[in-house]
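In what follows, a single structure is set out as structure tokens and then discussed.
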Amino acid sequence: MNTTTITIQKAQKQFSRLLELALQGNEVVITKDDVPFVRLVPVQPQPRVGNLHKGAMQMKTDFNEPLPDEFWLGSA
């Protein structure tokens, strides 16, 4: 991974290019008054965790039953 360091003033003019560099796996450090201010790095996708909220939802036993006419037509 290469690191590119750039001032905040120059970064404002080249933001799209800096994003492309970060998306290619490079680190981009933006400085303000020669002090590192922001670091752009690509976000690594996180694996999904199965069964994380197991049991948090419950489904009624009549879930697949047709809804009553009152649901569709409203009650008179």
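Taken about its Cα centre, the stretch 1-42 carries a charge dipole of roughly 120 debye when the Cβ of each Lys and Arg holds +1 and the Cβ of each Asp and Glu holds -1. Each of Asp34 and Ile8 was given a label point 7 Å from its Cα along the Cα-to-Cβ line. The distance between the two points is 1.7 nm. Look at the dipole of the chain built from charges on Cβ: of Val41, Ala22, Met1, the Cα furthest out on the positive end belongs to Met1.
Note: relative contact order over the chain, using C-alpha pairs below 8 Å and six or more positions apart, is 23 percent.
Over the chain, the ratio between the Cα radius of gyration and 2.2 N^0.38 Å evaluates to 2.29. Straight-line reach from Lys13: which aspartates and glutamates have Cα under 20 Å away, leaving out those fewer than 8 places along the same chain? The qualifying aspartates and glutamates are Glu27, Asp33, Asp34.
Both the radius of gyration and Dmax for the stretch 1-42 are 9.3, 27 Å, in that order, over alpha-carbon atoms. Of the trypsin sites (Lys or Arg not before Pro) found in the chain, the ones in coil according to DSSP and having at most 10 other Cβ atoms within 10 Å of their Cβ are Arg48, Lys54, Lys60. Each DSSP beta bridge with both residues in the chain is either parallel or antiparallel, and the antiparallel ones are about 50%. Between the beta carbons of Asn51 and Met1, assuming R0 = 30 Å, the FRET efficiency works out to 0.30 to the nearest 0.05. Relative to the current alpha-carbon distance between Lys60 and Glu20, full extension at 0.36 nm per residue lengthens the span by 9.5 nm. Estimated from helical segments only, the mean residue ellipticity of the chain at 222 nm is -6500 deg cm²/dmol, where each DSSP H run of four or more residues counts as -39500 (n - 2.57).
Restriction of the chymotrypsin sites (Phe, Trp or Tyr not before Pro) in the chain to DSSP coil positions whose beta-carbon has at most 14 other beta-carbons within 10 angstrom yields Phe63.
Throughout, read-outs are computed from the coordinates displayed, never taken from laboratory work. Note that the structure is a prediction, hence the values are computed from the model and not measured. Because the Cβ atoms are built from the backbone with ideal geometry, glycine has one as well, and the counts that use them run over all protein chains shown.
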